[in-house]
Amino acid sequence: MPRRLQELRLAITAANTDLAHSLGRAPTVADIAERLEISEEDVLEGLEGALAYNATRPVDPGERRG
C-alpha cells in the first residue's frame, strides 16, 4: 500500500474514533473530512484503500476472527 494511503488510513481511523466518542454516533464521511480538513473524496479513497489492504493481507494463524 502506498505510504500516502497508509498515512491517510491511520488519520481516518483516529478521526473516526475521536468523532464517534465526541459525537456519540458513527461519524459521516463529511464529519471525518471536516475534522481532517480534506475532501470527502479523499476520505473515501482512504477507506477504500483500507478495505483493499485488509482484504488482501495474509491472515495470521494466531489472529482471532470475530
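A short reminder: the numbers here are calculations on the coordinates, not readings from a lab. The structure presented is a predicted model; accordingly, all values stated were derived computationally and were not measured. Counting neighbours? That spans all protein chains shown, and the Cβs are built from the backbone with ideal geometry, glycine included.
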Normalised contact order of segment 3-55, rounded percent, pairs of Cα under 8 Å and 6 or more residues apart: 40 percent
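Using per-residue counts of other Cβ atoms within 10 Å, averaged over each peptide, order 17-29, 36-48 from highest down.
Working: 17-29: 12.3, 36-48: 15.5.
Sorting 17-29, 36-48 by mean packing, highest first, produces 36-48, 17-29.
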With 5 Å bins from 0: P(r) over segment 3-55, alpha-carbon pairs, percent: 4, 24, 32, 24, 13, 3, 0
